[in-house]
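Report on the structure given below.
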Amino acid sequence: MDNIEALSPKPDEFVENKSSRHPKGLWVLFGTEMWERFNFYGMRALLTLFMVNSLLIKEADAAIIYGGFLALCYLTPLLGGFIADKYIGNRYAIIIGGSLMAIGQFLLFISASTFSADISSAKLIMWLALFVIIFGNGFFKPNISSMVGSLYPKQEKSKLDSAFTIFYMGINIGAFLGQFICPYVGDVKDAATGVRDIFAFKWGFLAASIAMVIGTVTFFILKNKYVVTPEGRPIGGLPKHNTSADFEEGETQTAKFSGQSLGITGVIFVALFFVFRYLLVGELGFNSVEMGQLIKGIIYPFIYAAGISLAFLIMSSAENKIERQRIWVIYIVSFFIIFFWAAFEQAGSSLTFIADNQTDRNIFGWNMPPSMVQIFNGIFVVILAVPFSLIWDKLRAKGKEPVSPFKQAMGLALIALSYFIIAHNVKDLGNSGLLAIKWLMLLYFIQTCGELCLSPIGLSLVGKLAPKRFASLLYGVFFISNAAGYALAGSLGALIPATGDKFKKAQEIGVNLQDVLDKKVTLTADQVAAFEKAQLPLHNPTFVGFEIHNLFEFFMVFVVLCGIAAIILGLISPILKKMMHGVN
């Protein structure tokens, strides 16, 4: 298969073409997802900085909110996938989801336009905006991914790894554009003083809203002509119009869950919710009203409990041993990639704060906005997606292609390596040194290689292993592992120790912050109030009983978590290969 040709199909190529090219429907989905990712990643680049600088939310709370928001964005695909599979189909779900996300971004624009007049109302509008975006993403995300596999006939399912890698490139072209344009217009600092214009964020959110409108309209116009099966039947229409031709031979066409299974699932969910709540915040009741604790104690337990209980419900509907074992592979792989996303999604919180406060961002005389540093991930995906696709094709032709779970173990190992390198480069920075931006560029390069080994391969794996009758629902389960990873990313991102800017602020108050963190001095009531106003920490963060003193120790947390996960997944990959029953 020639993926270079696939990226520039001939004008007279038709969907029915049975050659090695990819169908045109892939490019429609590619373009739709591209604009959606522009919208999402553009907003993501600005969100935490907007919360901290305009809405005056503490960095630790902003990291928790960010993690909870991303987690819910990948939890609601369970609901969106279920509604699409049972009632409205993929097409209507995508249009509804895209419209909601455009509205949500516009509400963020309103919040960023009004905070100076009434910060309380602006915060409420921000919460409403995030709520709308969360549900929009839930309708959009699982349904567009699940349509890719249906574009190909059964005998060409081996193309799916390459197809999803190309599809993933569309995601990251959108991410690149969003992470360039939205920060360029929304994260603005005065060239002479370095003071941020806190009123500029609104233009980044407006650009994100416009992008989502473009993506939704593009899909609406082109879906009927190109988003069809090789035989020309519409993909993703109303479920009541599905025929036996839309399913594998002998496969049940409707997911059926018994009343007993639903009841047991409910009990499991409630029990696990309170177990995770106790583990995360140390209480079963609902006494705390502090924002970070509310999110950690309600949203995070909800996500973890929902993932496990839904996994049980789907497994209860499995019809035979092969189907059960293939679903188990999806679950096992989904568990391990939690650790990948927990590390990867530091990009929008802790890594953004480090880029803002303790990084020399000068590139050939231009001082890059801190929210734009994330753009290197999108750039590297666009550059590397096709080469990775060609590598898998060549290895497959030689019979040496690694099994999908082992590819994902490679992704985990690479992200552990990226943090190991960055940890040693921040080790000797002290409280005033600046990290050279080249090290963040290298981090994003290595993480991108890991991402291409893991994320598109995971999407492809679900497409090949999931029974058709609840394919979107199983994509929802796969995305809930992303949600769990993002929830963990929020918790871990809040562990970032004091960076150089915090020590400077403490000096302005007349206090040595290092002495405070080392418990060598006791602050007066006035000094404590000044620390609170300046959003300065009074103690070092702790993780599983260990105190984190500096950025080196902070980054080593990710090295250990992802390194162990990579080793275990690599070791069990041969077992998972057997459980996949011929699917690679």
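Extension gain, Leu442-Asp360: 0.36 nm per intervening residue step, less the Cα-Cα distance, totals 28.1 nm.
Assuming a strict under-22 Å limit between Cα atoms, what lysine pair count do you get for the stretch 22-171 once near-sequence pairs (fewer than 8 apart, same chain) are dropped?
Number of lysine pairs found: 8.
Remark: the chain carries 40 Å² of accessible area per residue (probe radius 1.4 Å; ligands, DNA and RNA excluded). Extension gain for Ser116 to Val521 (0.36 nm times residue separation, less C-alpha to C-alpha distance): 142.1 nm. Close amide-amide hydrogen proximity is noted between Ala436 and Asp360, each under 5 Å apart and 5 or more residues distant or on a separate chain (H modeled in the peptide plane; Pro and chain starts excluded). Here the calculated FRET efficiency for Glu508 and Asn320, from their Cβ-Cβ distance with R0 = 56 Å, stands at 0.25, rounded to the nearest 0.05. Rolling a 1.4 Å probe over the protein heavy atoms of the stretch 292-365, with every protein chain left in place, gives an accessible area that is 63 percent carbon and sulfur. In this label model, Val528 and Phe199 are separated by 3.8 nm, measuring between points 7 Å along each Cα→Cβ vector. Each Cα pair under 8 Å and six or more residues apart adds its sequence gap; the mean of these over the residue count of the chain is a relative contact order of 23 percent. Matching the structure-derived Rg and Dmax of the Cα atoms in Å against the labelled list (1) 24.8, 84; (2) 24.8, 77; (3) 23.7, 77 gives the label (3).
The count of lysine pairs in the stretch 384-441 whose Cα atoms are under 28 Å apart, excluding pairs fewer than 8 places apart on the same chain, comes to 4.
Reported to the nearest whole Å, the Cα centre-to-centre distance from the stretch 395-433 to the stretch 510-553 is 32.
For Ile548, the residues 5 or more places off, or on other chains, whose built amide H falls under 5 Å of its own are Thr542, Phe543. Length available on full extension from Val267 to Leu279: 0.36 nm per residue minus the Cα-Cα distance, which gives 2.5 nm. Normalised by the number of residues in the stretch 490-575, the average gap of Cα pairs under 8 Å and 6 or more apart makes the relative contact order 31 percent.
Spin-label pair Thr218-Leu434: with each label point 7 Å from Cα along the Cα-Cβ axis, the two points sit 3.7 nm from one another. The distance from the alpha carbon centre of the stretch 53-98 to that of the stretch 444-471 is 19 Å, rounded to a whole number. For the stretch 302-322, the residues whose amide N sits under 20 Å from a probe point set 7 Å from the Cα of Phe131 along the beta carbon direction are 302-303. The stretch 160-199 and the stretch 326-354 have Cα centres lying 21 Å from one another.
Express as a percent, rounded to the nearest 5, the fraction of DSSP beta bridges in the chain (both residues included) that run antiparallel. Among the beta bridges of the chain, antiparallel pairing accounts for roughly 75 percent. Summing Cβ point charges (Lys, Arg +1; Asp, Glu -1) relative to the Cα centre of the stretch 297-445 gives a dipole of roughly 520 debye.
The values are calculated or read from the model by the stated rules, or taken from the named source; none is laboratory data. The model shown is predicted, which means the values in this text are computed figures rather than measured ones. Please note: Cβ atoms are built from the backbone with ideal geometry, for glycine as well, and neighbour counts cover all protein chains shown. Ligands, DNA and RNA are stripped out before the accessible areas are found, and what is left, the full protein with its side chains, is counted by its heavy atoms. Shrake-Rupley method; radii C 1.70, N 1.55, O 1.52, S 1.80 Å.
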